[in-house]
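This report concerns only the one structure given below.
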Amino acid sequence: MGPGGIATIIAALSLFVIAVAIGYAVVRVGKLVDQAGAAITDLTNEVTPLLEEVTLTVELINGPLTSINKVTKTVEGLTTKISGSTEEFLDKNKMAMNAASALLAVSKLKKKSDSGAKKSKRKVADEEFE
């Protein structure tokens with residue numbers, strides 16, 4: 001056997017080692033793909049019931065929200081009507097407007113006197129503890 005034969009054997013062995021390495025890599029990648037597929041299947045099996053529960057929860061919450069929305073719209077309409085009636089009444093009756101402003105002024109004065117009474121009560125209570 002000459003130098004050409006030895007070179008051929010070395011080249012053949014090198015190609016064989018490379019082929020084995022590529023085969024090993026392909027087998028490992030195949031196992032990785034199988035595991036990834038199994039993980040995705042498990043994830044799908046676990047997420048599907050969760051999504052169904054979330055959908056059911058949202059549907060159950062939307063029912064009361066719809067009725068609350070109706071009540072809110074009704075109260076809004078009632079408030080608008082009352083406000084309009086009150087404005088119309090006060091615009092037509094100047095005497096009622098004067099009475100309302102007087103009641104408002106008395107209410108403000110009462111609040112001021114109540115806050116002053118509370119302050120004086122606090123001073124008396126503080127003095128008792130000293």
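Every number here is computed from the coordinates shown, using simple stated rules; none is lab data. Fair warning: this is a prediction, and the values are worked out from it, not measured in the lab. Note that each Cβ is placed from the backbone with ideal geometry, even for glycine, and that neighbours are counted across all protein chains shown.
What does the charge count around ILE40 come to, taking other residues whose C-beta lies under 13 Å from its C-beta (Lys +1, Arg +1, Asp -1, Glu -1)?
Details: positive: none; negative: ASP34, ASP42, GLU46.
Net charge around ILE40: -3.
From the helices alone, meaning DSSP H stretches of at least four residues, give me the mean residue ellipticity at 222 nm for the chain, per-run term -39500 (n - 2.57), in deg cm²/dmol to the nearest 500. Spell out each step's value before the answer.
On the way: 2 runs with 126 residues, N = 130.
After summing the helix terms and dividing by residue count, I get -36500 deg cm²/dmol.
Measure nothing fancy, just the Cα-based angle from helix 3-92's long axis to the longest principal axis of the chain, in degrees from 0 to 90, nearest 10.
It works out to around 10 degrees.
Order 45-58, 89-102 from most to least packed using the mean count of other Cβ atoms within 10 Å. Can you show the working numbers first?
Numbers: 45-58: 9.6, 89-102: 11.4.
The densest-packed peptide leads the list: 89-102, 45-58.
If I take R0 = 35 Å and measure r between the Cβ atoms of LYS110 and THR66 in this structure, what FRET efficiency does the formula 1/(1 + (r/R0)^6) give, to the nearest 0.05? Don't skip to the answer; put the middle values down first.
Numbers: r = 43 Å, r/R0 = 1.23.
Calculated transfer efficiency: 0.20.
Taking the structure as given and computing Kirkwood radius over Cα pairs in Å, which label from [x] 15.4; [y] 25.9; [z] 14.3 fits?
Among [x] 15.4; [y] 25.9; [z] 14.3, the one derived from this structure is [y].
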